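The structure appears below as structure tokens.
The values are calculated or read from the model by the stated rules, or taken from the named source; none is laboratory data. The shown structure was predicted, so the numbers you read here are calculated from the model rather than taken from an experiment. Quick reminder, even Gly has a Cβ in these numbers, built from the backbone with ideal geometry, and neighbours come from all protein chains shown. With ligands, DNA and RNA removed, areas are computed over all heavy atoms of the protein, side chains included. Shrake-Rupley method; radii C 1.70, N 1.55, O 1.52, S 1.80 Å.
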Amino acid sequence: MSTHTPHPDLPPPLINVGLIGWLRTNLFSSWANALLTLVSMYLLYLMIPPLIDWAFIKADWVGDSREACDSGGACWVFVGVRMDQFMYGLYPASEYWRINLAGVLLVALMVPLFIKQFPWKPWLGLFIVVGYPIIVFMLFSGGVFGLEYVETSRWGGLTLTLVLSSVGMAASLPLGILLALGRRSTMPIVKSVSVVFIEFWRGVPLITVLFMSSVMLPLFLPEGTHFDKLLRAMIGIALFQSAYMAEVVRGGLAAIPKGQYEAAQALGLSFWQSTGLIILPQALKMVIPGIVNTFIALFKDTTLVLIIGLFDMLAMIQAGLADPNWLGYAIEGLMFAALVYWIFCFGMSRYSMALERKLHTGHKR
Amino acid sequence: MTDASISTENNAGSDHLMIEMRGVHKWYGQFHVLKDINLRVEKGERIVICGPSGSGKSTMIRCINRLEEHQRGDIIVDGTELTDDVKHIDQIRREVGMVFQHFNLFPHLTVLENCCLAPIWVRKMPRHEAEKAAMEYLEKVKIPEQAKKYPGQLSGGQQQRVAIARSLCMNPSIMLFDEPTSALDPEMIKEVLDTMIELAESGMTMLCVTHEMGFAKTVANRVIFMDGGEIIEQNEPESFFNNPQSDRTKLFLSQILQH
């Protein structure tokens, strides 16, 4: 009998590893690829240096009027001077602290959620979804505890964007889940109501929904009925997005194998138990990318409230552009808007990826 | 919930009747899957059901815990009649455990959580008690060390043993097995069969759809042969294998025993 001696591991050829290996496989793997690499590099060379030059090197950062902007680059002074309005809209300046307080409070409430051993996470989560919005509403609109009353039409800027989108998200996810379950229900009435609701709201443009809510609805309501414009916009956005959410969630529900339902039934779990404990945790995890996609779309769609006279951040920037003292700084304003939206959307995207990794339990079936 | 008249009536002449099916029919649309099924299973009986695919074996045992609905006839499980009444269905499902061909473990829960879920939510057992009981059953199926793992990290045979433990955690009086070894690699079939044999020795009432004829010979009290939605023949294993009565059974046995 002969004994087998394993070969020792040899290092791979230098040309396949390290920087040279990376360049060869990724940038210069073929003639066509090498050509594309060179063309792209040339285009980047043409675009990036002037952009950096304009946005940073030649830009003006400090000052309080357009006279400070004379170096030919970007005039960030415009953004700086108008920053309060971009953030808080037309909210009275003496009351900005309320909005800041709400922000600080949210961060303080969120911190324990990231601590692994914190025992009351579910309750805290529930408080953030149910209790916190009530606090924010009282804080923002005032009229209680000696706070000055601020009507919702003065809420604006990034604050309004965040209020609208978080209400939209918090309402559309549960509503969407219910609609998705309804659409898959065997009960004919539940099913048809869900189908009609989803198809109606999905078939109408959001602008139409907002217009209808602000212009048409008051015509149908009895004389003198007051129905807050912001509230109407919120309801419109929530219902509109829940229809999209429902279809995303339905995709996840359809992907759960029949055996999961049968195993849950065979163990004696009721419909709501098996839905809540077995089906939804798996279905929602599968459609996290779709849910976040809808959230990001919702976040950006909130800018449409501009057309019914609510002043979100983009509307405040546009108002700033019309200021005779600051004519001609549209690029700076819009780039700032783009940057802020991008930061939030990118944040959501990264969070969803982290969540997917965290919830992955290495299984199929 | 227990219908006393039925239990006493059926107790006459037998130890204790666990399952009774009387004239059960079922259709899938136009297709007549079960035709006049009559079956009595006594407490502690171990029954193996075999037959060609599409013969209605799985459908028959799935009717017992209402995964399939029968359209005509009566099914009475441990004194409770299976009707549209949700309370009766829940009552029966609590008493009847089921093991599936594809295990159907819950992939997002650990092995221990899989086992504890139903006792906690259906039997309203306190969590620590449910976990203690689950660990005992996991030891019985010889995989306590996998309790904290997810099903996706286990082999097929281990998953099926977890599925058996999960059913046992509900403390059922009847266990249904729907081709429990058909999706397993040959090497893993034995570990699952061993677990089932142990369960049989403990006196559990078992109905098992399987093609493992060795298992049928060693464990079953009775072998049932089905074809075309009917029970063609039923007998003790020895007479069933050595002296089959119908031609259809002979043909089936010759086909599966040849290899």
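Of note:
- Of everything listed in (1) in contact with a Lys or Arg (Cβ under 8 Å, 6 or more places away or on another chain); (2) at negative phi; (3) modelled with pLDDT of 90 or more, the single unmet condition for A:G268 is (2).
- Check on A:L35, farther than 20 Å from A:P324 by Cα and open to solvent by less than 100 Å² (accessible area, probe 1.4 Å): no
- For A:A266, the criteria (1) more than 14 Å from chain B (Cβ to nearest Cβ); (2) free of Cβ contacts under 8 Å to residues at least 12 places away in the same chain hold in every case but one, which is (1).
- Residue-level check: of (1) buried (at least 23 other Cβ atoms within 10 Å of the Cβ); (2) away from chain A (no Cβ under 12 Å), B:M125 misses just (1).
- Residue in the stretch A:276-307 that is farthest from the chain's Cα centre (by Cα), counting only those that are of a type in the set (A, V, I, L, M, F, W, C), open to solvent by 30 Å² or more (accessible area, probe 1.4 Å) and under 30 Å from B:F103 (Cβ atoms): A:L277
- Wholly within the stretch A:152-262, helices (runs of 4 or more DSSP H) carrying at least 1 residues that are touching a Gly at 6+ places or on another chain (Cβ under 6 Å): A:157-183, A:188-203, A:206-211, A:229-254
- Test: residue in the stretch B:117-127 that is in contact (Cβ under 8 Å) with a residue 40 or more places away in the chain and over 21 Å from the mean Cα position of the chain (by Cα): no
- Condition check for A:L221: farther than 30 Å from A:G347 by Cα and exposed (fewer than 14 other Cβ atoms within 10 Å of the Cβ): yes
- Of all the numbered requirements in (1) open to solvent by less than 50 Å² (accessible area, probe 1.4 Å); (2) of a type outside the set (F, W, Y); (3) within 9 Å of chain A (Cβ to nearest Cβ); (4) closer than 22 Å to B:E198 by Cβ, B:L112 misses one, and that requirement is (3).
- Matching residues in the stretch B:43-65 - criterion: being within 14 Å of chain A (Cβ to nearest Cβ), under 11 Å from the mean Cα position of the chain (by Cα) and β-branched (V, I, T): B:I61, B:I64
- Among residues of the stretch A:57-68 that are without any contact (Cβ under 8 Å) to a residue 24 or more places away in the chain, those with a Cβ under 6 angstrom from a residue that is of a type in the set (F, W, Y) and open to solvent by less than 100 Å² (accessible area, probe 1.4 Å), sequence gap 6+ or separate chain, pair up as A:A59/A:W76; A:W61/A:W76.
- Selection from the stretch B:230-244 of residues that are open to solvent by 40 Å² or more (accessible area, probe 1.4 Å) and among the charged types (D, E, K, R): B:E230, B:E236, B:E238
- Of the helices (runs of 4 or more DSSP H) that lie entirely inside the stretch B:141-250, those containing 2 or more residues that are touching a residue at least 24 places away in the same chain (Cβ under 8 Å), more than 13 Å from every other protein chain (Cβ to nearest Cβ) and among the aliphatic types (A, V, I, L, M) span B:186-201, B:213-219.
- Within the stretch B:93-109, restricting attention to residues that are touching a strand residue (DSSP E or B) at 6+ places or on another chain (Cβ under 8 Å) and under 27 Å from A:H360 (Cα atoms), the residue that is surrounded by the most Cβ atoms within 10 Å (Cβ to Cβ) is B:V99.
- Residues considered: A:Q265, A:Q273, A:Q260. Of these, the only one that is in contact with a helix residue (DSSP H, G or I) (Cβ under 8 Å, 6 or more places away or on another chain), open to solvent by 20 Å² or more (accessible area, probe 1.4 Å), within 19 Å of B:L168 (Cα to Cα) and not hydrophobic (A, V, I, L, M, F, W, C) is A:Q265.
- The residue of the stretch A:308-365 that is farthest from the other protein chains (Cβ to nearest Cβ), among those that are among the polar types (S, T, N, Q) and either more than 27 Å from A:C75 (Cα to Cα) or open to solvent by less than 50 Å² (accessible area, probe 1.4 Å) (or both), is A:S349.
- Residue match in the stretch A:286-306 (condition: within 14 Å of another protein chain (Cβ to nearest Cβ), part of a helix (DSSP H, G or I) and over 30 Å from A:W155 (Cα atoms)): yes
- Failed item, numbered, when A:F197 is tested on (1) modelled with pLDDT of 90 or more; (2) under 30 Å from A:V79 (Cα atoms): (2)
- Condition check for B:D90: open to solvent by 30 Å² or more (accessible area, probe 1.4 Å) and either in a strand (DSSP E or B) or within 9 Å of chain A (Cβ to nearest Cβ) (or both): yes
- Just one of the listed residues (B:V96, B:V77, B:V86) is touching a Pro at 6+ places or on another chain (Cβ under 7 Å) and β-branched (V, I, T), and it is B:V96.
- Within the stretch B:99-110, residues that are within 14 Å of B:K148 (Cα to Cα) have Cβ atoms under 7 Å from residues that are assigned to a loop (DSSP other than H, G, I, E, B) and open to solvent by 10 Å² or more (accessible area, probe 1.4 Å) in these pairs: B:P107/A:T361; B:P107/A:H363; B:P107/A:R365; B:P107/B:Y150; B:H108/A:T361; B:T110/B:K148; B:T110/B:K149; B:T110/B:Y150, counting only partners at least 6 apart in sequence or on another chain.
- Qualifying position, being more than 20 Å from A:F86 (Cα to Cα), of a type outside the set (S, T, Y) and open to solvent by less than 20 Å² (accessible area, probe 1.4 Å), among A:I189, A:I198, A:I177: A:I198
- Just one of (1) closer than 24 Å to A:Y244 by Cβ; (2) modelled with pLDDT under 85 fails for A:F145. It is (1).
- The residues on offer are A:F220, A:F271, and the sole one that is aromatic (F, W, Y) and either closer than 20 Å to A:I198 by Cα or away from chain B (no Cβ under 14 Å) (or both) is A:F220.
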